[in-house]
Structures are given as C-alpha cells and as structure tokens.
Amino acid sequence: MSSAPHTTDTTAGTAHAPHEGEWRGVDRALLRMRRLLVCGPLLLAGAVAAAVLWATAGLWALLALVPWAAAAWAWSALARNWRSWRYAERADDLLIDHGVLWRRLTVVPYGRMQLVEVTSGPLQRRYGLARLQLHTAAATTDAAVRGLTPPEAQRLRDRLTELGETRSAGL
Amino acid sequence: MTDVRDSRTPQPVSPAGPVRRAVVRLLPTRPEGTPLHPVTPWRRAWAPIAALAVTGLHNAEQARRWVTELSLGWLASGLLVVVPAAAVYGFLSWWCTSYLVTETELRIRTGLLFRRTAHLRLDRIQAVDVHRPLLGRTVGVAGLTLDLVGTDSKDQLAYLGEDEAVALRAELLALAAGMAPQTARHAGEAPAARLLRVRPRTQLAAAALRGSFWVAVLGSLVAPGVLYAVTGSVFALLALLVPALSLAGRTTFGRLVTEYDWTVDDSPDGLRIDHGLLGREHATVPPGRVQAVRVREPLLWRRLGWVRVELEVAGMGKQEGGTLLPVADRAAAAEVLARVLPGVDLSAAAAAAARGPRRARLGAPFLWRAFAHGTTDAVFVARSGLLERRTVLVPHAKVQSVRLRQGPWHRSLSLASVAVDNGAGGTAHARLRDADEAHALLLAQADRSRTGRRTARAERWLT
C-alpha cells in the first residue's frame, strides 16, 4: 500500500467502504419482471408437458416436475440476485455491486464518465423500470444499474452528469 | 474564414487561357485547402499491376497462351479504355482531396462521388506519425497518420512532399500542444536528443532468444521430419518444410525488419521513435498520453536482464504502434520509461509486486506464482505470465474504472481479483488476491486515482 497523498480535502471520503445506509437497492419491479420472464415459460412448459404426457404416456407425466422444479429454483435464485443489486453514490465515485455466484463490484469515478445513458424497453416501461449505463473511455468498463424507477434513473443521470462536469478530467 | 492559412490555399485560377477556364469549369469544385502531392494517385496503381504480375507468374503457361491468343488490336483497345479511365479517376480523386489547418481543427476532404469531410480536433490528437514506404522514399514523399482519442480508425494523409509532411507534423503537434497558431506555423521540428539506439546485434540476439522463434523453427523441422519418417517421400517433406520455414522466417524476420535500427529521441513534443529497415516508420509519443506500460520478459531474456516495453496509448494500435523499446536492458528501459511516465521507477514498481496468498495454488497450481500485484505512489502494478513475464503499470491518474470480481471458487477460497481499466481499452488484472485485501484495494485504488488525477499534468502541456 502506498501512502497516497491525502490533500486538504474535507468532502471526499478516504478509502472507506460505504456504510449500509449509503447503499441503495433496486426496484422490486425488476424481480417481478424477471420472475415473469424466467418462471412463466418454465411453468407453462411444465403444464403443457404434463398434460400431453398424461394423455399419452401415463406416469411419464412426472417428467413435468423437472421444469417446475427449475422454476421453483429460479424463483428464489432471482430473488437472491435481485437482492445483490445495489449501488452507492460516494463523494467522488459511483459503486455498483451485483451478482451472487459471480460477484462484480465496479467503481467508476465521476470525473471519468464520458456518457450516461438511460434506456428503457417496452417491457421495462410496462414494469416502470429503466436501466442506467455509464460509459468511460475504457470500453471494458461494464457499469450498468438495472431496475431503477424512471424518476430515480433521471435523478441519478442528472446528478452524475453534473458531478461529471465539475470533476471532469482529461484522459 | 480568417483563420485559414492563406499561404497554402490554392490560388484562384488566373484567367490566363479560356481553354483552361473551360476545363476548370467542367471539373467539380475544388475543396478549399492544400492539395496532396501529385504522386498520390499513383499509390494505388501498383496494386492491380502487382496482382496481374503475380497471377501471371503463378499460371505462367496459361498467361502465355492468353497473351498470344489476344490479338494486338484487342490489347490496344483495352489499354486505350482502361488507362485513360484510371488516369482520369486518379486525377479527379486527387483533385477532390485536400486538407486545411485551422486554429482548432485539421480538415481533410476526400471523395469524388461520396464526399467525406473529416474534422480532426487538434487537442484530441494523440500522435502524428510520418511513414515513408520504400517506394515513397525513392520518390521523396511521405504520409502522415493521425491518431485521435477515442477513434479506432486512423486518419491518413498521404502523400505529401517529405519536407511538407515533416513541417505539417511539427505544426500539428505544436498546435496540439497549445502553441499559438501564428508561432506554431513556424515552430518547425523541435530539437531532439538521442536517448537510446538499439544495436542490430542486440536485436538479432534478442530475436534468436525469443521462445516463439524456437517454437517456429523446431515446429517447422520436427513436423516435416516426422512426416518424412512416416511416408519416406521427399516431396511431402518439401511440401511441408518450405511453407513452415517461410512462415517462421516471416514472423521473426518480419519483426526484425520493421524494428531494425530502433532509435528513441527525446524532444519537447514527446518521444520520437524511428525504426525500419526498408520503410522507415516514425512515431511520436506525446507526454501525458500514455495510459499504461507493459513490460515483457521472455524466459530466455530474463537472465540477460532484457525487457521489451510496450505502451498503451489511447487510439494507438495495441501491437505495432505501441512498442516503445523492442529490446533493452533494464536500466536503459527504466531511463526511457521515466521520460514517458515522470516519477515512475521501473525497479521500484517491480519490487512492489507481491504474490497473493498461498492458498490460491489450490485453484491455479502453477499459475498462482506468476500473479503478483503491488502499488507505488505513481502506478498500479500487475504481473502475470509464467514463461513470458508480463508486468503492466497503470498510472493512478489514468485509471478509468476499478472492478472487483469474485467467482464461486474464488469465494470458497476467500479470494478475489481486481481489474483496473485504462483509457486505451486495456485492463490490468491483479488476480487471486485475498478477498479482504481486494476490497480494500478497490476502494484505495479509486481514492488514489482521484488524488492522482488532481495532481496530473494538463493535457495541453505547453499552456
């Protein structure tokens, strides 16, 4: 560890982890949407398989339990994944944390943001969701927050752009 | 248009001859700016000729029959159509191409049917390279390649007279450095001091000590040998040996030819790199634009203490454009590196790198020894590679984002990896660190990058 020169900077936090209160989760509608997208087809497939197999092959209809079990597992896995999504606005950078099995924690300094993008597809709009994507000069930066409510996405976008302007740095 | 350089804008056509006026009226309007060197249309002329010659050589017998069968009349009429058409097209495309330097931009206009105007912002210029291909050297022309931030494709300005190219390059760099336009035009080439020259002998030795060379040579000897032992056919042996050896030769000697006589000069507008045996390449690395440095040490070089240094500069190619030193000993490399990244000490950075916890060997038995990471006041250091050791140095001020990644087996061993992205699209990975250390590193790195940026030097280094 180097002794990074901490100048007389009162506002900026030094290397501290965000407190619990600083983290924000994402909207529950994201979980509902994903459950519909993943579990819906699985349940449907199970039901169709059960009906068809029961009529034709008797006990083989039990195979329909496989998609149902998958749906049940996905139900809870999606909940865990949804709970893992969170972001924190620190004084100088934005932290985005997500993933259960494969965890990814990304820090993007405000001054490095080239572009803040809010997207919302038709399905997302129906669930009242928006996705915020940050672009830096590095193409490998994968910083996106899913499952924001449109007002929150707008607020975050405006705040990030504003902070980006004041803290802008060259390449 | 007051900021346009008047001396080089084309003179309005004098009403000398009515014929000339009529011709000029027929031509499409000439875009404002300076035309390129008149030799330019010919630069693509050799390609179809060469292609014809090569196909002719390949099927010599057929080509001979063709030519004899073609009557002279057909040949002449063909030439009568093709040659003037090509000449007219070449002339028109040259006519419609021009460039213009304003206070803030370099404008390049091209295109006969589809007009294209490229406005290159001068303060976004990463580097201006002069390239002199072999044929161009004989005619006395050179081309300019311009690297801009955030563009993948490089804009070319080819061809210009050699002197003009050098003067334009100096002017563009002076403008990019923030010099006033009036003085920039007469800035001329900034004085340079020789930093380093790689001796051909060193270069040969280094090429011979590269693992890839031996793999290529052994591969091209062993595989045909086995084939010969199995089949006993000399023809099969040659059929495999010749292409294999030529491939091995091309990879090794191709690199040797392009990197021959590598010189590095220090000048106020950056480090100047000249290299090449046949076509001389000239590149300038402006200070403060280097995003990351890669130090490569092939296995056989390590005992000699030789290193290869590559740069990641935004907009520059990752391979050829990024080489700072093809081969040099550590001390010399450190000295040159200190010019590129002021305040960076190569040996201190190498010493700072430390291995992760031993338990990482459960996941990556041998590889874990190769991974090392450390930080100094100036750079983030990450090392990897068992045979060829690669050390990446990223200045704290150039970090674009920091990422922590933890997969399932990482978690079970309580390990994590930290990736640092730089503006040139590269990523430095500190792999297999202790999870708690990685968390602290992530936050500390974000913090260091912030303070590093504050003290970083300005983009326009002359203002």
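Close amide H contacts of B:ALA158 (hydrogens built in the peptide plane, cut-off under 5 Å, sequence separation of 5 or more or a different chain): B:LEU144.
How much FRET efficiency would the formula 1/(1 + (r/R0)^6) give for B:GLU69 and B:TYR89, where r is the Cβ-Cβ distance and R0 is 35 Å, rounded to 0.05? Write down the numbers at each step before the final one.
Values: r = 29 Å, r/R0 = 0.83.
So, using R0 = 35 Å, E works out to roughly 0.75.
In terms of its alpha-carbon gyration tensor, the stretch B:211-300 comes out prolate; a/c meets the 1.5 threshold, and the first ratio a/b outweighs b/c. Taken one residue at a time, the phi angles of the stretch B:210-224 give Karplus couplings (6.51, -1.76, 1.60, θ = phi - 60°) of 7, x, 5, 5, 5, 4, 5, 5, 4, x, 7, 9, 6, 4, x Hz. Gly and Pro are set to x. In whole percents, the pair-distance distribution calculated for the stretch A:34-79 from its alpha-carbon pairs, binned every 5 Å from zero, is 6, 27, 28, 17, 12, 7, 3, 0. FRET efficiency for the A:THR119 to A:THR166 pair, using the beta carbon distance and R₀ = 25 Å, is estimated at 0.50. Solvent exposure of the stretch B:208-276 amounts to 53 Å² per residue of accessible area, where only protein heavy atoms count and the probe is 1.4 Å.
Kindly list the residues of the stretch A:54-80 that lie in the label zone of A:LEU43, defined by a backbone N under 11 Å from the point 7 Å along the Cα-to-C-beta vector. What the label zone holds, given the 11 Å backbone N cut-off, is A:71-72, A:75. Backbone N atoms of the stretch B:366-398 closer than 19 Å to the 7 Å Cα→Cβ label point of A:ALA91 belong to residues B:397. With the simple spin-label model, which puts each label point 7 Å out from Cα in the Cβ direction, the B:ARG250 to A:VAL100 separation comes to 5.2 nm. Split chain B at each of the trypsin sites (Lys or Arg not before Pro) in a DSSP loop with at most 11 other beta carbon atoms within 10 Å, and the longest piece is B:116-302. Under the simplified labelling scheme, the B:TYR228-B:SER267 pair shows an inter-label distance of 5.2 nm, with each label point 7 Å from Cα along Cα→Cβ. Along chain B, counting only chymotrypsin sites (Phe, Trp or Tyr not before Pro) with a DSSP assignment other than H, G, I, E or B and at most 15 other Cβ atoms inside a 10 Å radius, the longest segment between sites is B:115-365.
Let a ≥ b ≥ c be the square roots of the eigenvalues of the Cα gyration tensor of chain A; is it rounded (a/c under 1.5), or, if not, prolate (a/b larger than b/c) or oblate?
Values: a/c = 3.43, a/b = 2.52, b/c = 1.36.
Prolate.
Dividing the mean sequence gap of close Cα pairs (under 8 Å, 6+ apart) by how many residues chain B holds gives a relative contact order of 10 percent.
The amide H of A:TRP85, built 1.01 Å from its N in the peptide plane, has A:GLY99 as neighbours under 5 Å, considering only residues 5 or more places off or on other chains.
The angle separating the long axis of helix B:60-69 from the principal Cα axis of greatest extent in chain B is about 20 degrees.
Listed values for the stretch A:26-43 are Karplus-derived 3J(HN,Hα) couplings in whole Hz (6.51 cos²θ - 1.76 cosθ + 1.60, θ = phi - 60°), namely 10, 5, 5, 4, 4, 5, 4, 5, 5, 4, 4, 5, 8, 6, x, x, 5, 4, and x replaces Gly and Pro. Rounded to the nearest 0.05, the FRET efficiency derived from the C-beta distance between B:VAL24 and B:LEU221 at R0 = 56 Å is 0.30.
Determine the shape class of chain B: with a ≥ b ≥ c the square roots of the Cα gyration tensor eigenvalues, call it rounded for a/c under 1.5, and otherwise prolate if a/b is greater than b/c, oblate otherwise. Let's see the in-between values first.
Numbers: a/c = 2.38, a/b = 1.31, b/c = 1.82.
Oblate, because a/c is 1.5 or more while a/b does not exceed b/c.
Could you work out how much longer the chain between B:ASP123 and B:ARG358 gets when fully extended? Use 0.36 nm per residue separation minus the Cα distance between them, nm to one decimal. Walk me through the numbers on the way to the answer.
Details: separation 235, 0.36 × 235 = 84.60 nm, distance 4.78 nm.
Here the segment from B:ASP123 to B:ARG358 would lengthen by 79.8 nm.
For the protein assembly as shown, report the translational diffusion coefficient in µm²/s to the nearest whole number, using Stokes-Einstein at 4 °C, 1.567 mPa s, and a Kirkwood Rh over Cα pairs.
Stokes-Einstein gives a translational diffusion coefficient of 44 µm²/s.
Taking the C-alpha atoms only, the angle from helix B:234-258 to the longest principal axis of chain B is near 90 degrees. Only Cα sites of the stretch A:87-166 enter the Debye sum here, all with the same form factor; the resulting log10 I(q)/I(0) across q = 0.15, 0.16, 0.21 1/Å is -0.52, -0.59, -0.97, listed in q order.
Each label point was placed 7 Å from the Cα along the Cα-to-Cβ direction; for B:LEU112 and B:GLU32 their separation is 2.6 nm.
How long is the gain from B:VAL82 to B:VAL139 if the chain were fully straight, where each residue apart is worth 0.36 nm and the alpha carbon distance is subtracted?
Details: separation 57, 0.36 × 57 = 20.52 nm, distance 2.48 nm.
Extending this stretch completely gives an extra 18.0 nm.
Given the DSSP H assignment, sum -39500 (n - 2.57) over each helix run of at least 4 residues in the protein assembly as shown and divide by its residue total; what's the result at 222 nm in deg cm²/dmol, nearest 500?
Working: 18 runs with 253 residues, N = 634.
Rounded to the nearest 500, the figure is -13000 deg cm²/dmol.
Here's how it looks for B:LEU196: its modeled amide H is under 5 Å from those of B:VAL264, which are all 5 or more places away or on a different chain. Once the Cα atoms are used to define both axes, helix B:72-95 deviates from the longest principal axis of chain B by about 70 degrees.
The values are calculated or read from the model by the stated rules, or taken from the named source; none is laboratory data. The structure displayed is predicted, hence computed values, not measured ones. Backbone-built Cβ (ideal geometry, glycine too); neighbour counts: all protein chains shown. Protein only, heavy atoms only, side chains kept; ligands, DNA and RNA dropped before computing areas. Shrake-Rupley method; radii C 1.70, N 1.55, O 1.52, S 1.80 Å.
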